[in-house]
Amino acid sequence: MHTEPDCLFCRIATGELSADRVLETEDVVAFRDINPQAPTHVLVIPREHVSSLDAAEPRHAETIGKLHLAAKRIAAEAGIQGGWRAVINVGADAGQTVFHVHLHLLGGRPLAWPPG
Ligand code: 5GP
Ligand code: ZN
């Protein structure tokens, strides 16, 4: 499995850097965002380094699906009522700042649409 030694989220996935982890499976790791934008703000990442959804290939399909199913499980365990949001920022203009693909799970407050 491909990992990048200088990637922040690879280093969190391996445990080299600490994070407030909420879920770990064979394929994905989830941890609380360091700068939360909602009462529940969790990042779900694959253990494998994929820089962005733009860089994903067909062989990543199952892992990308698992990011979403992990978010569903975390939202249920958090007891979020009324809805939550799954967001993947793709590229700098969309606000991506960490180039290891990650799904944001946001919930616990009303969320406006459209986003900025
Ligand atoms: P992006 O802007 O790339 O979609 O999201 C990156 C997210 O990672 C941001 O919400 C940011 O707060 C979060 N983040 C950046 N560095 C760290 C870190 O070291 N630990 C944790 N837990 N979150 C981080
Ligand atoms: Zn990485």
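Annotations
- Per the Cα gyration tensor, the chain maps to an equivalent ellipsoid with semi-axes of 22, 16, 14 Å, ordered largest to smallest.
- Karplus (6.51, -1.76, 1.60) ³J(HN,Hα), θ = phi - 60°, over segment 41-54, in Hz, Gly and Pro reported as x: 9, 10, 9, 10, 10, x, 5, 6, 6, 10, 5, 6, 4, 4
- Among residues other than A19 with Cβ under 11 Å from its Cβ, the summed charge is -1 (Lys and Arg +1, Asp and Glu -1).
- Folded to 0 to 90 degrees: helix 61-78 orientation relative to the chain principal axis, Cα: 40 degrees
- The HN-Hα couplings worked out from phi for segment 110-116 by the Karplus form 6.51 cos²θ - 1.76 cosθ + 1.60 (θ = phi - 60°) are x, 10, 6, 9, x, x, x Hz, whole numbers, x standing for Gly and Pro.
- Within the accessible area of the chain, the carbon and sulfur atoms contribute 52%, probe 1.4 Å, all protein chains present.
- Solvent exposure of segment 1-84 amounts to 59 Å² per residue of accessible area, where only protein heavy atoms count and the probe is 1.4 Å.
- Within the shell defined by Cβ-Cβ distances under 15 Å, the residues around T40 carry a net charge of +3, with Lys and Arg each +1 and Asp and Glu each -1.
- Charge dipole of segment 8-107 about the Cα centre (unit charges at C-beta), most positive-ward option of G15, A86, H100: A86
- Label separation (C7 vs R32): 2.5 nm, computed from points 7 Å beyond Cα along the C-beta direction.
- V50 sits among other residues whose Cβ lies under 14 Å from its own Cβ, and their net charge, with Lys and Arg +1 and Asp and Glu -1, is -3.
- Per residue convex hull volume, Cα atoms of segment 1-56, in Å³: 94 Å³
The values are calculated or read from the model by the stated rules, or taken from the named source; none is laboratory data. Note that the structure is a prediction, hence the values are computed from the model and not measured. Positions of Cβ are backbone-derived with ideal geometry, glycine not excepted, and every protein chain shown enters the neighbour counts. Heads up: the accessible areas ignore ligands, DNA and RNA and are worked out on the full protein's heavy atoms, side chains in. Shrake-Rupley method; radii C 1.70, N 1.55, O 1.52, S 1.80 Å.
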